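To start, the structure itself, in structure tokens.
The values are calculated or read from the model by the stated rules, or taken from the named source; none is laboratory data. These numbers come from a predicted model, not from an experiment. Please note: Cβ atoms are built from the backbone with ideal geometry, for glycine as well, and neighbour counts cover all protein chains shown. Only protein heavy atoms, including side chains, enter the accessible area calculation; ligands, DNA and RNA are left aside. Shrake-Rupley method; radii C 1.70, N 1.55, O 1.52, S 1.80 Å.
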Amino acid sequence: MATTVQTKPSSASIRVALVIESGKLKPVWFENTGKSSADRIFIRQICSVWNHHEGAAKVINFAVNDGSSSYVLALNTQEFTWELGVVEEG
């Protein structure tokens, strides 16, 4: 039986801690800005990175996990905004 993986967009407004390491962007943690910082999700692994365009804007996508759940963080490099997707397996 095949496993289906689907990313569900989240309407949460998020803040992301990002470092630049050896010329590459690396998200470290993210949090819902409507919750306390105790609810920060620390990224244990960056699984993959890919780019796409939305109009003139380049969007950098990071597939990440925290050891138990998987997410997609998308950075719009024109507006400098983040979007969160939650990966669900079914």
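Name the one entry in 51, 61 that is out of contact with any Leu (no Cβ under 9 Å at 6 or more places or on another chain) and either in contact (Cβ under 8 Å) with a residue 12 or more places away in the chain or part of a strand (DSSP E or B) (or both). Give the derivation first.
Values: 61 fails: out of contact with any Leu (no Cβ under 9 Å at 6 or more places or on another chain).
Result of the check over 51, 61: 51.
For the stretch 1-39, enumerate the residues that are at pLDDT 80 or above and either open to solvent by 90 Å² or more (accessible area, probe 1.4 Å) or among the aromatic types (Phe, Trp, Tyr) (or both).
Across the stretch 1-39, the qualifying residues are 15, 20, 21, 22, 24, 29, 30.
Which residues, taken from the stretch 69-90, are aromatic (Phe, Trp, Tyr) and either in a strand (DSSP E or B) or open to solvent by less than 90 Å² (accessible area, probe 1.4 Å) (or both)? Break it down into steps so the answer makes sense when it comes.
Step one: of the stretch 69-90, the residues aromatic (Phe, Trp, Tyr) are 71, 80, 82.
71, 82, listed by residue number.
Among the residues of the stretch 42-68, how many are closer than 20 Å to residue 80 by Cβ and either out of contact with any Cys (no Cβ under 8 Å at 6 or more places or on another chain) or open to solvent by 80 Å² or more (accessible area, probe 1.4 Å) (or both)?
Initially, the stretch 42-68 is screened for residues closer than 20 Å to residue 80 by Cβ, giving 43, 46, 49-62, 64.
Add one more test, that the residue is either out of contact with any Cys (no Cβ under 8 Å at 6 or more places or on another chain) or open to solvent by 80 Å² or more (accessible area, probe 1.4 Å) (or both), and what stays is 43, 46, 49-62.
Adding up the residues that qualify gives 16.
All but one of (1) part of a loop (DSSP other than H, G, I, E, B); (2) in contact (Cβ under 8 Å) with a residue 24 or more places away in the chain hold for residue 30, so report the exception by its number.
(1)
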